[in-house]
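Taking it in order: structure first as structure tokens, then the write-up.
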Amino acid sequence: MTFVRIYLVGYFLLCFGAVFALGQAGVLSQIPGTWIALACGVAVAFGVLLAVVSSPHKVTTASRQPTRTASTPPHTLPPRPVQGR
């Protein structure tokens, strides 16, 4: 299992536990369903964001070809000889 998956499983278990506790305490029955759905969407987006940001970065050692910029020509041609008149 990758780091992101483990992090997301733990995060969603924490969110599920919090929602379950609020439901058992009767707090969720006083809040309209639209706000509950909105809060769940924000919690899911926040969890994915945190998982991606805190995941370890991969370091690659492959060499890259130098990139060509707009100022460098694609190739250099030898000068053409001047034709006589």
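Between rounded, prolate and oblate, where does the range 1-60 land on the alpha carbon gyration tensor, with a ≥ b ≥ c its root eigenvalues, rounded for a/c under 1.5, else prolate if a/b exceeds b/c? In terms of gyration-tensor shape, prolate. The modelled label-to-label distance between Phe16 and Phe46, using points 7 Å beyond Cα along the C-beta direction, is 1.9 nm. Projecting label points 7 angstrom from Cα along Cα→Cβ for Ser29 and Arg80 puts them 9.0 nm apart.
Each value in this text was obtained by applying a stated rule to the coordinates, not by laboratory testing. From a predicted model like this one, the values you see are computed outputs, not experimental measurements. Quick reminder, even Gly has a Cβ in these numbers, built from the backbone with ideal geometry, and neighbours come from all protein chains shown.
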